[in-house]
Amino acid sequence: MQRGAEMKIPNHIAIILDGNGRWAKAKGMPRGYGHVKGCANLETICEDIKDLGVKYLTVYAFSTENWKRSKEEVDGLMKLFRNYLKKCKKISEKNKMRVKVIGDISAFDKDIQDSVTELEEFSKDYDELFFQIALNYGSRDEIVRGVRRLARDAADGKLVPEEINEKVFESYLDTAGIPDPDLMIRTSGEQRLSNYLLWQLAYTEFYFTDVAWPDFHKPELLQAIEKYNERDRRYGGVKEA
Ligand code: IPE
Ligand code: IPE
Ligand code: MG
């Protein structure tokens, strides 16, 4: 297939940003260097995604399991998030992009929580790209938190159990109101979901590449979209029968 206008562009791309540590190690550098480069790459990819006409981008940046990493690495990541969340205001302004954080941010220091609230508020009227960042995100945790709120509403008489259907349930997830991803990309060779968007990826096409996240640029993105175009999609339709 030729690259260009005739390609069907997915409405929503979800990415597992993986391989920063191994990428740095291969260069004889500390893992934190990989995270810094990975974070810088996120800025570029946001622009590329927007230029291609993708409306929604959801990235996995820190999982509920990632707290188990060394204190040094976690501290480095927190520092990176602090800087990135501040910088992200400019990026959102430039790309007219609305930013939303999914995951349980109550586990972060207060200043990080405040930066998230500020960024979400600042960008809430932009609608050219909808950018979701998964921070302290785990799909099972998201589902349990959602069910807890749903049960509370039922106990308060706000909804009756018979009225609970897929639509109602989805409205309790962090991704409420966001369409399901059409394409999920995981970089750096692993072929697992690592607790990412278990409910939302039910019919999504998966694309795995050995390229590490800091090396994943526009040509790799186009290649993923090309592969997506070759798939015979039953739902959401790239190639409908
Ligand atoms: C992804 O890269 C970034 C985060 C999970 C924060 P990794 O840190 O998982 O890098 P590898 O997989 O160990 O190479
Ligand atoms: C998944 O990557 C989480 C993020 C990219 C933030 P991990 O590197 O943490 O996942 P595992 O440990 O390989 O499953
Ligand atoms: Mg990893």
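Quick note: the coordinates plus some simple rules give every number you see, no bench work behind them. Since the model is a prediction, treat every value here as computed from it, not as a measurement. Please note: Cβ atoms are built from the backbone with ideal geometry, for glycine as well, and neighbour counts cover all protein chains shown.
For segment 43-49, putting each phi into the Karplus relation 6.51 cos²θ - 1.76 cosθ + 1.60 with θ = phi - 60° gives couplings of 4, 5, 5, 4, 5, 4, 4 Hz, in residue order, rounded to whole numbers and with x for Gly and Pro. In order along segment 8-21, phi translates into HN-Hα couplings of 7, 8, x, 6, 9, 10, 10, 10, 9, 7, 10, x, 4, x Hz, rounded to whole numbers, per the Karplus curve 6.51 cos²θ - 1.76 cosθ + 1.60 with θ = phi - 60° and x for Gly and Pro. Magnitude of the charge dipole for the chain, about its Cα centre and with charges confined to Cβ atoms of Lys, Arg (+1) and Asp, Glu (-1), is about 660 debye.
How would segment 1-133 be classified by its alpha-carbon gyration tensor: rounded, prolate or oblate, with rounded meaning a/c under 1.5 and the a/b versus b/c comparison settling the rest? Oblate, since a/c reaches 1.5 and b/c is not below a/b. Under 5 Å between amide hydrogens, built in the peptide plane, is the criterion, and for Thr58 it picks out Ile13, Ala14, Ile15, Gln132 among residues at least 5 positions away or on other chains. Separation of the alpha carbons by more than 28 angstrom is noted, of Lys50/Lys86; Lys37/Lys167; Lys50/Lys89; Lys100/Lys167; Lys68/Lys96, for Lys37/Lys167; Lys68/Lys96. Taken over the chain, the convex hull of the Cα atoms encloses 137 Å³ per residue.
For the peptides 127-134, 26-33, 77-84, the ranking by packing is 127-134, 77-84, 26-33, with the highest mean count of neighbouring Cβ atoms within 10 Å listed first.
Give the shape of segment 123-241 as rounded, prolate or oblate, defined through the alpha-carbon gyration tensor: a ≥ b ≥ c are the square roots of its eigenvalues, a/c under 1.5 means rounded, and otherwise the shape is prolate if a/b is larger than b/c and oblate if not. Verdict is prolate for segment 123-241. Taking Cβ atoms as reference points and 15 Å as the exclusive limit, the residues near Glu142 contribute a net charge of -1, counting Lys and Arg as +1 and Asp and Glu as -1.
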